[in-house]
Amino acid sequence: MTVRAAAQEARHRGVALVAVLWMVAALSIMVVGMSYGVRAETRRASLSRQSVVLGALGTAATHVVLQEMLSLPEPITRLSYKDVSYQKRLIRVEITPVNGFIDINNAPESLLAKLILVQGGVESEQALSLARRTIEIRSAKDPAGQTHGFEAVEDWLKVPGIDYTLYAKMKSLVSADLLGVGSGRVNALAAPREVLTVLTGGNVEQASRIASDRDAGRIGVDTTMLNANDIDTAATNRYRISARVPASNDTQLWTSQTVEITPIKRDGLPWRIFNAERHFQSARPDRLG
């Protein structure tokens, strides 16, 4: 074999070796990708199963609390908490009368503007404009002359200027579950701390003081610093009941149901569920969502 032929053969072998190495690398990438996909799918399946199991526990704890509420001589008018022990898990259940939230179907312009200003972080003129647009949209009538209002909190996104980023900041403070029956005012004793912050115009110290006195069970909580046109003390039979089910050392499943406690003649049930949702969240108090 000549020197030239030997050199050509060496080059061919080199090319073949490079091709083999490329194939091995490609197969390795495929194997790693498939392995990652299998692990991700397994994790999703595990989370899905965990969500179903823990969701059932949260629903069970919620029903235990609802049964107790049915036996009470008077309706619950304050934001309240109940610890339920179920299947060796301690589940914290939060009971919030729905009029403790800001009612986007009935709240007056000034309260909506204050919500958008304080919680949404929008400038005052824009907040007032968005409040007016909200009232225009919710007051629109169909051809039969009926006012639709907002059937769900998500319908607030129909208002021009309420994009998802702004909506996400405010959605946990509002409700659309008093359509046709709400006064538009807020029961301060039922309001979460963030809603109280809105009612105080952003004064976190005042809001915290009201919440602390309320949660301590004190009678005659001082709410005189709040605008009288924004607040109400009327009772309601509609509640948002939330359960936090421990999932691991640093996560929990949050479940929530909006319930009307009124016997339903049609099927004999003692309450009616409007909506329900659930999601995993951090178990750390500073990271709860």
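The values are calculated or read from the model by the stated rules, or taken from the named source; none is laboratory data. Quick caveat, the model's predicted, so the values are computed rather than measured. So basically every Cβ, Gly included, is an ideal-geometry build from the backbone, and we count neighbours across all protein chains shown.
Of all residues in segment 103-127, those satisfying the criterion of being among the charged types (D, E, K, R) and more than 20 Å from THR258 (Cβ to Cβ) are GLU109, LYS114, GLU123, GLU125. Among the residues of segment 218-246, the ones that are free of Cβ contacts under 8 Å to residues at least 12 places away in the same chain and either closer than 11 Å to ALA188 by Cα or hydroxyl-bearing (Ser, Thr, Tyr) (or both) come to 2 in all. Is at least one residue of segment 252-262 hydrophobic (A, V, I, L, M, F, W, C), under 27 Å from THR59 (Cα atoms) and touching a His at 6+ places or on another chain (Cβ under 8 Å)? Yes - at least one qualifying residue is present in segment 252-262. Scanning segment 74-133 for residues that are basic (Lys, Arg), touching a residue at least 12 places away in the same chain (Cβ under 8 Å) and closer than 22 Å to GLN252 by Cβ gives LYS82, ARG89, ARG92. Step by step: first the residues of segment 223-241, then only those that are among the hydroxyl-bearing types (Ser, Thr, Tyr) and either modelled with pLDDT under 90 or in a loop (DSSP other than H, G, I, E, B) (or both), then the one that is surrounded by the fewest Cβ atoms within 10 Å (Cβ to Cβ). Which residue is that? Result: THR224. In segment 172-187, is there at least one residue being buried (at least 19 other Cβ atoms within 10 Å of the Cβ), of a type in the set (D, E, K, R) and either closer than 20 Å to ALA113 by Cβ or out of contact with any helix residue (DSSP H, G or I) (no Cβ under 6 Å at 6 or more places or on another chain) (or both)? Yes, there is a match, as at least one residue in segment 172-187 is buried (at least 19 other Cβ atoms within 10 Å of the Cβ), of a type in the set (D, E, K, R) and either closer than 20 Å to ALA113 by Cβ or out of contact with any helix residue (DSSP H, G or I) (no Cβ under 6 Å at 6 or more places or on another chain) (or both). Evaluating ALA140 against the criteria (1) among the hydrophobic types (A, V, I, L, M, F, W, C); (2) at pLDDT 95 or above; (3) surrounded by fewer than 21 Cβ atoms within 10 Å (Cβ to Cβ) leaves one unmet condition, (2). Has segment 143-157 got at least one residue that is assigned to a strand (DSSP E or B), in contact with a His (Cβ under 9 Å, 6 or more places away or on another chain), free of Cβ contacts under 8 Å to residues at least 24 places away in the same chain and surrounded by fewer than 15 Cβ atoms within 10 Å (Cβ to Cβ)? No: segment 143-157 contains no residue that is assigned to a strand (DSSP E or B), in contact with a His (Cβ under 9 Å, 6 or more places away or on another chain), free of Cβ contacts under 8 Å to residues at least 24 places away in the same chain and surrounded by fewer than 15 Cβ atoms within 10 Å (Cβ to Cβ). Going by what's in this entry, would ARG214 be described as surrounded by 20 or more Cβ atoms within 10 Å (Cβ to Cβ) and assigned to a helix (DSSP H, G or I)? Yes, satisfied.
Regarding GLY220, is this residue part of a loop (DSSP other than H, G, I, E, B), surrounded by fewer than 18 Cβ atoms within 10 Å (Cβ to Cβ), out of contact with any Cys (no Cβ under 8 Å at 6 or more places or on another chain) and not assigned by TED's automatic domain parsing to the domain that holds SER256? So GLY220 fits the description; yes. Condition check for ALA168 on (1) assigned by TED's automatic domain parsing to the domain that holds VAL84; (2) farther than 24 Å from PRO73 by Cα; (3) aliphatic (A, V, I, L, M): one failure, at (1). Sort out which residues of segment 46-92 are at pLDDT 90 or above, loosely packed, with under 12 Cβ neighbours inside 10 Å, closer than 22 Å to GLU277 by Cα and small (Gly, Ala, Ser), and write them in order of number. Across segment 46-92, the qualifying residue is only SER85. Within segment 158-191, being acidic (Asp, Glu) and in contact (Cβ under 8 Å) with a residue 60 or more places away in the chain holds for one residue alone: ASP177.
Sort out which residues of segment 116-137 are closer than 20 Å to VAL181 by Cβ and either acidic (Asp, Glu) or crowded, with 22+ Cβ neighbours inside 10 Å (or both), and write them in order of number.
THR134
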